[in-house]
Each structure stands twice: as structure tokens, then as C-alpha cells.
Amino acid sequence: MKVTGESELTTYTFNKHVIKHRFCKHCGILPFGEGADPKGVATAAINIRCLNDFEFEKVPVHHYDGKKA
Ligand SMILES: [Zn+2]
């Protein structure tokens, strides 16, 4: 994996345009998204598959049925 700066990312927003989905300009991967929580605190959602030396198998999985929410 090559680590690059923000200039190598592009941003996509949709719906209410409150979350900035950051994509690599070269390969299209989504390493993270940025936004704010309901109280306005800046937050980010990181694609853990983009992290080096991360043991993905050890992350607990919680299934959520969005259809029944
Ligand atoms: Zn890339």
C-alpha cells in the first residue's frame, strides 16, 4: 500500500451532503469518510481494511438488520 496526501483523494457527497466520502483518485478505494455527529462534533469513519498491520479477524462483528429498524 502506498500512503499519499490529501491531494490524491477526491470527495463525493450525496443525499444531504453532510458526509464527505473520500476516495483515492487512482484506484477508487474509500479509505475514510468525514462528517459530524448529531451534536456537531467532527467525526470520521475509517475503512479498517486500509490500515497496515491490522488484524481484521479480531474485530467483533455486530450484525444489524436495517430493514427492521
Ligand atoms: Zn489508491
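Every number here is computed from the coordinates shown, using simple stated rules; none is lab data. Predicted, not measured: the structure shown is a model, and the values here were computed from it. Quick reminder, even Gly has a Cβ in these numbers, built from the backbone with ideal geometry, and neighbours come from all protein chains shown.
Pairing residues of the stretch 47-69 that are touching a residue at least 40 places away in the same chain (Cβ under 8 Å) and loosely packed, with under 10 Cβ neighbours inside 10 Å with residues that are of a type outside the set (Lys, Arg) and not in a helix (DSSP H, G or I), at Cβ distances under 7 Å and at least 6 apart in sequence or on separate chains, gives 52/1.
Close Cβ contacts (under 9 Å, 6 or more residues apart or on different chains) running from residues in the stretch 13-29 that are under 14 Å from residue 47 (Cβ atoms) to residues that are of a type in the set (A, V, I, L, M) and near the ligand (Cβ under 8 Å from one of its atoms) comprise 23/29. Scanning the stretch 1-46 for residues that are within 11 Å of the ligand (Cβ to nearest atom), among the aliphatic types (A, V, I, L, M) and either surrounded by fewer than 12 Cβ atoms within 10 Å (Cβ to Cβ) or assigned to a strand (DSSP E or B) (or both) yields 1, 3, 9.
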